[in-house]
Amino acid sequence: MSKRDFILKEIFDYSFLRTNTTPFDKFWCKSLNHFQFVMLLGSSEEESLGYTYEDICGLYPHKHASRTTIHAILNEGVEKGFFVKKINPTDRRKLHYKLTSEQKKQVMSWLDKHPIRNI
């Protein structure tokens, strides 16, 4: 097995063969869209408001998810307590989304332990 093949196998094993799954893990791994939104919302800094629905629709390729799908995933994340939804203080029509601090810690922990970091 080549080094690249070995790395891909390690990433697969790390991503899917974990025995400790939380409700957030199940949400996060539900679909590629869920995973991508968790990554995007996790990228917002602590002091920022996060991404608006329109920001996300503009950043995310339409061929991967419709606006309805994006909205449904955001609502599901908020409903389950994984995403925070805040009203923009200067424009109350805009809602901003980001990961809760607990979920951000879980994502950062996952990233710190990811096999790709050892390459």
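Here the dipole of the range 3-118 is about 180 debye; that uses its Cα centre as origin and unit charges on the Cβ of Lys and Arg (positive) and Asp and Glu (negative).
For the range 3-118, what are the per-bin percents of Cα-Cα distances with bins 10 Å wide, up to the bin holding the maximum? Result, from short to long distances: 12, 42, 32, 12, 2, 0 percent. Counting only alpha carbon atoms, the long axis of helix 101-113 and the longest principal axis of the chain meet at about 20°. Remark: the range 39-97 is approximated by an ellipsoid whose semi-axes, taken from the C-alpha gyration tensor as √(5λ), come to 18, 13, 12 Å, largest first. Cross-link pairs exceeding 25 Å between alpha carbons, from the set Lys80/Lys105; Lys30/Lys94; Lys9/Lys30; Lys85/Lys105; Lys3/Lys105: Lys30/Lys94; Lys3/Lys105. Each helix, a run of at least 4 DSSP H residues, gives -39500 (n - 2.57); summed and divided by the residues of the chain, these come to -16000 deg cm²/dmol at 222 nm. Residues within the reach of a label modelled at Lys30 (point 7 angstrom out along Cα to beta-carbon, backbone nitrogen below 18 Å), restricted to the range 60-82, are 64-82.
Taken together, the values in this text are just the output of simple stated rules run on the coordinates, not laboratory data. Note that the structure is predicted; figures quoted are calculated from it, not measured. Don't worry about glycine lacking a Cβ; one is built from the backbone with ideal geometry, like all the others, and counts go over all protein chains shown.
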